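Some notes on the structure that comes next.
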Amino acid sequence: MSKFESSLPRLNRRAALKLGAAAAGGMAITGAFAGPGRAQTVASNEAVEDMIEKANAMTPGWHRFALGDARITTVLDGARHGDGPYPTFGNDQSQDEMAALMRANYLPETRYVNGFTPTLVELDDNLILFDTGFGEDGHANGYGKLVERMAAAGYGTDAVTIVVITHFHGDHIQGLMSGGKPTFPNARYVVGEREYEWWTSDEAKSGDRADGAKLVERKVVPLRDQITFVGDGDAVVEGVTAMEAFGHSPGHMIFEVASGGQRLWLTADTANHFVASLQKPEWKVRFDQNSAMATATRKRVFDQIAEERIPFIGYHMPFPAVGYAEKLPDGGYRFIPETYQLAVAEEE
């Protein structure tokens with residue numbers, strides 16, 4: 001047990017395997033309702049949603065692996081089931097084109113699941129949290145599970161020494177405060193300087209992003225005295241480097257973690273869907289504030305990830321949100337979930 005972990009009881013290997021089997025069983029139950037024509041035989045959509053909810057409840061909410069001397073833990077803050085991915089994704093295309101893309105990837109054509117995955121990096125004397133999920137504001141909708149799932153993984157909120165915010169959208173910053181006080185009382189904060197300047201500007205406060213600016217005023221600005229600003233190439237700590245990835249938001253940042261000769265990129269919202277955003281990086285995404293810039297950033301970032309075979313964690317990738325990107329002949333990318341590649345690297 002590391003110095004950052006609490007004294008909560010931990011799963012032994014046999015219990016973990018049983019939990020994994022239960023999760024697999026939950027996935028099989030969900031799949032039973034996904035076959036062609038099956039939905040018409042189900043009593044109601046409510047029954048399907050209830051089954052999905054029960055299956056998801058059996059899925060472990062955190063995942064841990066080693067990267068050199070670092071320990072990485074991804075935490076599922078929540079998962080949203082909704083209509084889509086069109087027109088949230090591909091709103092410059094047609095529903096038929098999106099449906100064809102989903103069908104080709106064995107996905108539902110008009111429904112999708114969007115996960116939210118903060119990440120903990122335990123490196124040297126620091127426990128670094130990247131993004132904070134929905135916090136207490138999300139509880140009514142079944143989100144905001146970061147704190148309880150951190151506890152299940154063995155981490156208390158007081159163990160976090162640094163909180164890094166990739167950008168200021170609500171699903172990344174709402175967990176910063178709880179009951180009007182900092183959720184992570186012993187942490188300092190690291191944010192992109194450009195992101196902070198824009199969201200606290202008159203332009204942000206008076207434009208169509210005014211609601212987001214108000215949220216920043218409540219969740220981020222009260223922490224101003226504990227904030228360190230970073231730009232492209234700046235170090236958060238030794239082994240963690242900030243990189244600009246603008247477009248999704250004015251100052252959106254991504255980060256590289258390097259330890260023991262291994263590298264991992266935390267790409268935040270550079271790509272928001274493992275098929276729609278990666279296989280079709282040029283298709284517009286409703287949440288991208290500057291669409292042309294976001295597209296260029298997506299291609300630049302994932303070109304390098306694919307070429308150098310860098311593992312990455314995407315905030316909205318399928319949980320546990322860790323994988324690789326393969327460059328496709330048409331210019332898109334195929335998401336490859338991480339299986340045992342990093343475990344083998346650890347042994348070597």
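Tallying residues that are within 17 Å of Trp265 (Cα to Cα) and either small (Gly, Ala, Ser) or assigned to a strand (DSSP E or B) (or both) within the stretch 113-126 yields 6. Right, Ala276: over 19 Å from the mean Cα position of the chain (by Cα), in the same structural domain as Gly175 (by TED's automatic domain parsing) and of a type in the set (Gly, Ala, Ser) or not? In short, no. Residues of the stretch 122-151 being of a type in the set (A, V, I, L, M) and either in contact with a helix residue (DSSP H, G or I) (Cβ under 6 Å, 6 or more places away or on another chain) or closer than 11 Å to Val75 by Cα (or both), which ones? Once the filter is applied, which keeps residues that are of a type in the set (A, V, I, L, M) and either in contact with a helix residue (DSSP H, G or I) (Cβ under 6 Å, 6 or more places away or on another chain) or closer than 11 Å to Val75 by Cα (or both), the stretch 122-151 yields Leu127, Leu129, Leu146, Val147, Met150, Ala151. Apart from one condition, Glu148 fits all of (1) touching a strand residue (DSSP E or B) at 6+ places or on another chain (Cβ under 9 Å); (2) assigned to a helix (DSSP H, G or I); (3) closer than 30 Å to Gly68 by Cβ; the exception is (1).
Condition (residue is buried (at least 18 other Cβ atoms within 10 Å of the Cβ), touching a residue at least 24 places away in the same chain (Cβ under 8 Å), part of a loop (DSSP other than H, G, I, E, B) and assigned by TED's automatic domain parsing to the domain that holds Gln341) applied to the stretch 215-225: is it met by at least one residue? Yes, because at least one residue in the stretch 215-225 is buried (at least 18 other Cβ atoms within 10 Å of the Cβ), touching a residue at least 24 places away in the same chain (Cβ under 8 Å), part of a loop (DSSP other than H, G, I, E, B) and assigned by TED's automatic domain parsing to the domain that holds Gln341. Scanning the stretch 274-297 for residues that are assigned to a loop (DSSP other than H, G, I, E, B) and either within 17 Å of Gly331 (Cβ to Cβ) or modelled with pLDDT under 95 (or both) yields Phe274, Val275, Ala276, Ser277, Leu278, Gln279, Lys280, Pro281, Glu282, Trp283, Lys284.
For beta carbons closer than 8 Å, sequence separation of 6+ or different chains, a first residue in the stretch 243-268 that is at pLDDT 95 or above and a second that is among the basic types (Lys, Arg), the qualifying pairs are Glu244/Arg194; Phe246/Arg194; Gly247/Arg298; Pro250/Arg194; Gly251/Arg194; Glu256/Arg263; Val257/Arg263.
Kindly indicate whether Asp303 is outside any loop (DSSP other than H, G, I, E, B) and among the acidic types (Asp, Glu). Answer is yes for this residue. When we screen Ala325, Ala345 for residues that are at pLDDT below 95 and either of a type in the set (Gly, Ala, Ser) or touching a helix residue (DSSP H, G or I) at 6+ places or on another chain (Cβ under 8 Å) (or both), the only hit is Ala345. Within the stretch 317-337, being surrounded by fewer than 23 Cβ atoms within 10 Å (Cβ to Cβ) and in contact (Cβ under 8 Å) with a residue 60 or more places away in the chain holds for Pro318, Phe319, Phe335.
A single member of Gly179, Gly192, Gly212 is surrounded by fewer than 13 Cβ atoms within 10 Å (Cβ to Cβ) and touching a residue at least 40 places away in the same chain (Cβ under 8 Å), and it is Gly179.
The values are calculated or read from the model by the stated rules, or taken from the named source; none is laboratory data. Keep in mind that this is a model prediction, so the values were computed, not measured. Virtual Cβ from ideal backbone geometry, glycine too; neighbours counted across all protein chains shown.
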